[in-house]
Amino acid sequence: MFAKPIEHRGIPSLVISAWKTVVCVFLLVILQCCSGKQDQKVFRIGFSQCLGSDDWRRTMLEEMKRELSFHNNIEFIYRDADAISERQVSQIGELVASGIDLLIVCPNEVEPLTPVIGKIYDSGIPVVVVDRRINSKKYTAFIGASNYEVGQNAGVYAASLLKGTGNIIEMSGLPAGASPPIDRHNGFMNIISKYPGLRLVKQVDNLEDEEQVLKSDEGINLIYAQNDQMALEAFNICRKLGLEKKIRIIGIDGLPTRGGGLEMVEKGTIAATVLYPTGGQESILTAVNILEKGHFLKDNQLSTTIIDSSNIRITRLQNQKVTSQQNDIDRRQHKIEQQEIIKKNQDRIIIGISITLLIFLILAAILFYYLKTNKKITRRLAHQNEEILQQRNQLIELGKKAKEATDAKFNFFTSISHELRTPLTLILGPAEEILSSPKLPVPVRSQLEMMKKNATRLLRLVNELMDFRKIEEAKMKIRVSENDITEFVREITNAFAATVARKKITCRVISEVEGLKAWFDVNMLDKILFNLLANALKYTSEHGFINVVISTDALCGNILIKVEDSGIGMEPETLEHAFDLFYQGDDARYRGTGLGLALSKELIILHHGSITIKSEKGKGATFEVLLRPGKDHFEEADLEKTPRPYELNQEEAQIFINEAQPLNTEPPGEKEATVFAQSILLIEDNPEIRLFLKNQLGKMFEIIEAENGDTGLELAFDMIPDLILSDVLLPGKNGMLITEILKNDLRTSHIPIIILTAMGSVEQQIDGLKLNADAYIVKPFNIRCLEETIRSLLNNRESLKGHYTSELSLQPGRVTSKKIDRKFINEFSAIVENNISNEHFGVNDICLQMGISRVPLYRKVKAVLGYSINEYIMNVRLQKAKYLLLNEDISISEISFRVGFASPTYFATVFKTKLGITPKSFKEKGHAD
Ligand code: FRU
């Protein structure tokens with residue numbers, strides 16, 4: 001109806017779009033954090049070292065590692081062969097089998113390693129050879145200084161140091177099969193050989209056994225050691241021999257480490273060292289370039305130089321600088337690593353926070369959605385609530401109005417009831433007075449008794465109605481006093497003694513305890529007991545029993561009064577509503593005023609007690625009244641101030657006694673043996689109305705009685721009565737249904753039906769008449785009026801019969817008032833007509849052809865046509881004979897055969913007997929007329 005405010009539309013959409021943005025940002029952050037270097041390929045590099053235990057090779061490994069720290073995508077696997085070539089071969093095999101992408105190898109010896117390296121190279125795995133050469137070109141790259149050049153450098157320095165003259169010892173020391181010792185020797189010799197004054201005295205692995213040579217006269221001037229380590233050994237031996245000043249030493253490697261070549265030069269331990277770079281960094285760089293398809297050279301020769309006292313200072317400084325830079329790089333590297341760890345941790349935290357935030361956002365969104373939905377539901381509920389409230393107010397209003405209307409009705413009925421009490425008392429008094437006369441004729445006594453009984457019932461009804469009103473308006477005050485309940489119950493039950501005796505009922509009062517005291521209102525409890533006893537008597541047939549049992553509940557002391565009978569019992573439906581006000585169920589046998597039990601219940605409620613019922617159809621009923629012990633449950637005001645001994649309320653008792661009294665249904669005497677011409681089937685469940693009608697109509701008609709619909713219907717078919725008088729509301733089939741069935745059945749369709757009912761709406765009457773009921777009479781009816789209706793309907797039937805029989809089927813098809821009867825007559829007369837010449841034709845043939853059994857056919861024909869079947873056939877034969885005698889020129893004997901007589905003589909006899917004239921005379925006379 002109204003446009004929604006803008007804010008209401010704006011806020012949710014803003015929130016949603018903001019939420020979407022945040023979610024996207026977080027997803028990106030998470031992706032970023034998670035992705036990292038995942039797309040970078042990781043390479044496995046295997047490094048096979050011939051021997052890893054000396055400083056030079058340790059330095060090589062450190063350089064490699066330092067370089068590797070810049071390449072995060074490299075997995076580095078290191079193996080040390082401990083200077084054993086076979087071991088190195090097998091270690092290389094293992095590295096290849098573990099799936100390396102590239103092999104760096106420092107071959108221990110040339111011969112054993114060359115084929116292995118060539119094979120790996122052939123298999124497609126790149127191979128970088130470091131430091132020592134192999135005997136083939138089957139490698140991807142070589143990194144290392146030229147050992148020949150190293151030897152030459154040493155040679156040049158030795159020549160200059162010895163000024164072209166002197167004796168030299170060379171210390172090889174390195175594995176003989178490796179390439180450096182050969183190259184270094186050759187390079188050295190290449191230079192020395194140019195100086196005739198220079199002589200290589202000896203080539204040894206160590207100096208331990210060379211003391212003699214060193215001390216000899218000709219003397220040794222220089223030792224050429226193929227690495228600084230051997231140079232130090234040489235120095236130590238020379239010092240031991242006191243030759244350290246005389247013999248100069250040259251080493252190789254020039255390591256900047258503690259005790260390394262540079263320090264030895266600095267201290268003057270050795271004269272010089274030839275720098276031999278390890279190539280650790282270069283080999284990793286080359287390997288990475290190979291793997292990442294970058295630029296690289298196959299042979300990479302590292303520079304070498306001689307370091308002696310002239311350049312040691314600058315070299316040391318440079319080295320220190322490089323070392324400090326290296327340390328710097330290491331520190332930075334370490335810092336970077338730390339930063340990376342921190343970053344990784346931060347990434348994790350960010351991811352954690354992002355996920356938490358995302359969850360929080362999702363939860364917030366869900367919460368928001370639920371809040372929104374909740375708000376909607378609350379709004380809808382509020383709306384519904386409002387509607388319900390309105391409806392409730394309307395209902396309250398309607399209820400008020402209904403109550404006002406009901407109250408008005410009740411007040412009206414109460415006033416009327418009140419007004420009825422006096423006339424009823426004035427009817428009852430004289431009626432009882434007349435009844436007390438012993439000389440009363442039986443029919444008059446019977447009528448008077450019915451008057452008395454019904455006036456009593458009306459009086460009870462009026463009393464109950466007024467009591468009910470009092471309770472409703474809370475004007476009925478309970479007055480309890482303590483009384484002997486056993487005595488009280490016995491006295492009330494005794495009041496019904498005469499009726500009990502008359503109905504030959506066994507009635508006993510059984511009490512567990514004599515003199516049992518209880519608090520109750522005597523004028524209320526007596527009404528309850530009158531009611532229960534009258535009911536029990538009313539519905540218990542002769543020779544039945546009624547037990548009134550008084551007991552106490554051992555547990556709580558409650559007092560129980562049970563009224564148990566062997567009467568007709570109740571249907572479950574009736575039982576359920578037994579205490580409902582004005583409830584009159586379908587069970588016509590148990591139909592009371594609908595007030596008595598409801599009133600009893602209200603009176604018991606005033607006692608804070610209860611009343612219950614147990615019953616089964618055909619198995620009697622048990623009412624149980626429960627009273628609570630003592631008086632604590634009553635108000636002080638409820639207690640009778642001045643209790644008086646109970647005296648039976650005679651007037652009240654009489655009303656209930658009259659009610660329970662069976663009607664004198666004896667037939668009005670032997671004189672009524674008269675046989676009436678016509679019968680009436682009376683279907684009525686109320687025995688009193690049935691008796692009344694029977695008494696009235698029995699003077700003129702035979703009365704067949706049925707107390708329920710099913711019996712009524714059965715009797716209608718069995719007896720084919722002349723008229724049916726039926727109530728509408730009946731146990732079993734109701735009056736309307738009975739009418740419908742009977743009027744549609746050939747055997748009974750002719751029977752006039754009068755519907756007699758208390759339900760007198762015009763619609764109901766029309767419904768009844770539509771079903772072809774002949775009359776509809778509303779209760780209370782005027783008996784004269786009813787008698788007249790019956791008479792007129794029966795007369796109509798008679799005249800119809802005259803109508804059919806006067807025609808005697810000679811002109812079938814004439815209009816009749818009842819379609820179904822006309823059909824029957826047509827069919828019946830046609831059969832007779834068609835068989836008229838058959839002398840053996842009779843009732844059985846008609847039954848066969850019409851499909852009706854003998855008795856109903858007989859009754860139907862008698863009812864509709866007024867003749868027996870044989871009489872009718874005979875009449876038709878004679879009518880036809882008359883016709884033939886007058887109209888056809890054929891002999892009498894021929895006519896007698898044509899109309900089904902066995903002989904002309906028999907025909908003449910019957911004709912004469914029935915018509916008082918012989919056929920012959922009839923023919924002559926007829927012609928003469
Ligand atoms: C170390 C070493 C070095 C030398 C190199 C030759 O094992 O002996 O001193 O320069 O190997 O391969």
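Yes or no: GLU542 out of contact with any strand residue (DSSP E or B) (no Cβ under 9 Å at 6 or more places or on another chain), open to solvent by 50 Å² or more (accessible area, probe 1.4 Å), over 21 Å from PRO643 (Cβ atoms) and in contact (Cβ under 8 Å) with a residue 12 or more places away in the chain?
Working: out of contact with any strand residue (DSSP E or B) (no Cβ under 9 Å at 6 or more places or on another chain): yes; open to solvent by 50 Å² or more (accessible area, probe 1.4 Å): yes; over 21 Å from PRO643 (Cβ atoms): yes; in contact (Cβ under 8 Å) with a residue 12 or more places away in the chain: yes.
Taking the combined requirement at face value, the residue satisfies it.
Which condition number does ALA272 fail, the rest of (1) within 19 Å of GLY173 (Cα to Cα); (2) open to solvent by 10 Å² or more (accessible area, probe 1.4 Å); (3) away from the ligand (no atom under 14 Å from the Cβ) being met?
Just one mismatch for ALA272, condition (2).
Give the residue that is farthest from LEU174 (Cα to Cα), with candidates limited to residues of the stretch 50-70 that are away from the ligand (no atom under 14 Å from the Cβ) and either in contact with a strand residue (DSSP E or B) (Cβ under 6 Å, 6 or more places away or on another chain) or not in a helix (DSSP H, G or I) (or both).
Looking at the filtered set, the residue picked out is PHE70.
Note down all Cβ pairs under 6 Å where the first residue falls in the stretch 300-321 and is farther than 22 Å from TYR224 by Cα and modelled with pLDDT of 90 or more, the second is open to solvent by 20 Å² or more (accessible area, probe 1.4 Å) and not in a helix (DSSP H, G or I), and they're at least six residues apart or on different chains.
Once the first residue is farther than 22 Å from TYR224 by Cα and modelled with pLDDT of 90 or more and sits in the stretch 300-321, its partners that are open to solvent by 20 Å² or more (accessible area, probe 1.4 Å) and not in a helix (DSSP H, G or I) give GLN301/SER146.
Got at least one residue in the stretch 282-299 being closer than 27 Å to ALA176 by Cβ and in contact with a Ser or Thr (Cβ under 7 Å, 6 or more places away or on another chain)?
Checked the stretch 282-299: no residue is closer than 27 Å to ALA176 by Cβ and in contact with a Ser or Thr (Cβ under 7 Å, 6 or more places away or on another chain).
Which one of the conditions (1) out of contact with any Phe, Trp or Tyr (no Cβ under 7 Å at 6 or more places or on another chain); (2) open to solvent by less than 50 Å² (accessible area, probe 1.4 Å) does ILE104 fail to meet, given that it meets all the rest?
Of the numbered conditions (1) out of contact with any Phe, Trp or Tyr (no Cβ under 7 Å at 6 or more places or on another chain); (2) open to solvent by less than 50 Å² (accessible area, probe 1.4 Å), the odd one out for ILE104 is (1).
Given (1) within 16 Å of the ligand (Cβ to nearest atom); (2) in a helix (DSSP H, G or I); (3) of a type outside the set (D, E, K, R); (4) surrounded by 18 or more Cβ atoms within 10 Å (Cβ to Cβ), identify the lone condition not met by PHE47.
PHE47 satisfies every listed condition except (2).
If only one of LEU214, LEU161, LEU207, LEU198 is open to solvent by less than 10 Å² (accessible area, probe 1.4 Å) and either of a type in the set (D, E, K, R) or farther than 25 Å from ASP55 by Cα (or both), which one is it? Reasoning before the result, please.
Details: LEU161 fails: open to solvent by less than 10 Å² (accessible area, probe 1.4 Å); LEU207 fails: either of a type in the set (D, E, K, R) or farther than 25 Å from ASP55 by Cα (or both); LEU198 fails: open to solvent by less than 10 Å² (accessible area, probe 1.4 Å).
Going through LEU214, LEU161, LEU207, LEU198 in turn, just one is open to solvent by less than 10 Å² (accessible area, probe 1.4 Å) and either of a type in the set (D, E, K, R) or farther than 25 Å from ASP55 by Cα (or both): LEU214.
Could you please give the count of residues in the stretch 230-259 that are closer than 30 Å to HIS71 by Cβ and either in contact with a Leu (Cβ under 9 Å, 6 or more places away or on another chain) or modelled with pLDDT of 95 or more (or both)? Working first, answer last.
As a first pass, look at the stretch 230-259 and keep what is closer than 30 Å to HIS71 by Cβ: 253-258.
Next, from what is left, pick out any that are either in contact with a Leu (Cβ under 9 Å, 6 or more places away or on another chain) or modelled with pLDDT of 95 or more (or both): 253-256.
Of the residues in the stretch 230-259, 4 are closer than 30 Å to HIS71 by Cβ and either in contact with a Leu (Cβ under 9 Å, 6 or more places away or on another chain) or modelled with pLDDT of 95 or more (or both).
Report, ordered by the first and then the second residue, all pairs with beta carbons closer than 8 Å, sequence separation of six or more or different chains, a first member in the stretch 853-880 that is of a type in the set (S, T, N, Q), and a second member that is surrounded by 20 or more Cβ atoms within 10 Å (Cβ to Cβ) and modelled with pLDDT of 80 or more.
Partner pairs satisfying both residue conditions: SER868/VAL861.
This table checks each residue for (1) modelled with pLDDT of 85 or more; (2) assigned to a helix (DSSP H, G or I).
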| position | (1), (2) |
| --- | --- |
| VAL462 | no, yes |
| PHE468 | no, yes |
| ASN483 | yes, no |
| ARG490 | yes, yes |
| VAL500 | yes, yes |
| LYS504 | yes, no |
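Which members of the stretch 131-152 meet the condition of being within 16 Å of the ligand (Cβ to nearest atom) and in a loop (DSSP other than H, G, I, E, B)?
Answer for the stretch 131-152, where residues must be within 16 Å of the ligand (Cβ to nearest atom) and in a loop (DSSP other than H, G, I, E, B): ASP131, ARG132, ARG133, ILE134, ASN135, SER146.
On the basis of being more than 26 Å from GLY260 (Cβ to Cβ) and among the aliphatic types (A, V, I, L, M), does VAL204 make the cut?
Working: more than 26 Å from GLY260 (Cβ to Cβ): no; among the aliphatic types (A, V, I, L, M): yes.
Spelling it out, it is not the case that VAL204 is more than 26 Å from GLY260 (Cβ to Cβ) and among the aliphatic types (A, V, I, L, M).
When the stretch 290-325 is examined, which residues are found to be of a type in the set (S, T, N, Q) and either part of a loop (DSSP other than H, G, I, E, B) or surrounded by fewer than 16 Cβ atoms within 10 Å (Cβ to Cβ) (or both)?
Our first condition is that a residue be of a type in the set (S, T, N, Q); within the stretch 290-325, this holds for 300-301, 303-305, 309-311, 315, 318-320, 323-325.
Passing the criteria: GLN301, SER303, THR304, THR305, SER309, SER310, ASN311, GLN318, GLN320, THR323, SER324, GLN325.
Is the stretch 66-76 home to any residue that is open to solvent by less than 60 Å² (accessible area, probe 1.4 Å) and at positive phi?
So the first thing to find is which residues in the stretch 66-76 are open to solvent by less than 60 Å² (accessible area, probe 1.4 Å), and the list is 66-69, 71, 73-74, 76.
Of the ones still in play, those that are also at positive phi are none.
No: the stretch 66-76 contains no residue that is open to solvent by less than 60 Å² (accessible area, probe 1.4 Å) and at positive phi.
Mind checking which strands (runs of 3 or more DSSP E) fall wholly inside the stretch 681-772 and carry at least 2 residues that are under 54 Å from the mean Cα position of the chain (by Cα)? Write out each step before concluding.
Working: elements: 702-706, 723-727, 753-757.
Answer list for the stretch 681-772: 723-727, 753-757.
The values are calculated or read from the model by the stated rules, or taken from the named source; none is laboratory data. Nothing here was measured: the structure is a model prediction, and the numbers come from that model. Every residue, glycine among them, receives a Cβ derived from its backbone with ideal geometry; neighbour counts consider all protein chains shown. The area values use the complete protein model at the heavy-atom level, side chains included, leaving out ligands, DNA and RNA. Shrake-Rupley method; radii C 1.70, N 1.55, O 1.52, S 1.80 Å.
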